[in-house]
Amino acid sequence: MSLFEFTFALSAVILGLALTQVAASLHKLLLAGKQVRWALEPVLLTLIVVLVIVSVWVGAWDESDRTLVTLNQILIQTAMYMALYFGAASALPEPRGEEPLDLHAYYDRTRLLTFGALITSMTLFKVY
């Protein structure tokens, strides 16, 4: 097993879970049907989060020839992927019970967390 395969496995798990979180939330919202009042902002934000995750995943292949890695690099890499996960997890709500859900109100409540997670992730990418 190469160093890249070893470190990429952790990245793949975290980013895969982030995509799964988005897919599961979207699935639950679609199943909720008319209980959900849709809004453009959280949908576009979710699309941006998915595009960032996929581009980060593809960009990780640039490090396939790396032969040395430090614990600090792995910790920073894990933190930036976890920040992306937080962004993905907060982009869309999960419906609870039969109560109506307003996506615009949810977006207003959580956009600081979502954008903060994305900004944190991008800042850690610069550090890494």
Here the FRET efficiency for Leu26 versus Phe125, based on Cβ atoms and R0 = 25 Å and rounded to 0.05, is 0.45
If each part is reduced to its alpha-carbon centroid, region 1-50 and region 88-128 end up apart, in Å, by 11 Å
Could you tell me how many degrees, from 0 to 90 and to the nearest 10, lie between the Cα long axis of helix 40-59 and the main elongation axis, the longest principal axis, of the Cα atoms of the chain?
-> 20 degrees
Three principal axis extents, largest first, for the C-alpha atoms of the chain, in Å?
-> 53, 26, 20
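Read the figures in this text as sums done on the coordinates, not as results from a lab. Everything numeric here is computed off the predicted structure, so don't read it as measured data. For neighbour counting, all protein chains shown are included, and Cβ atoms are generated from backbone atoms with ideal geometry for every residue, glycine included.
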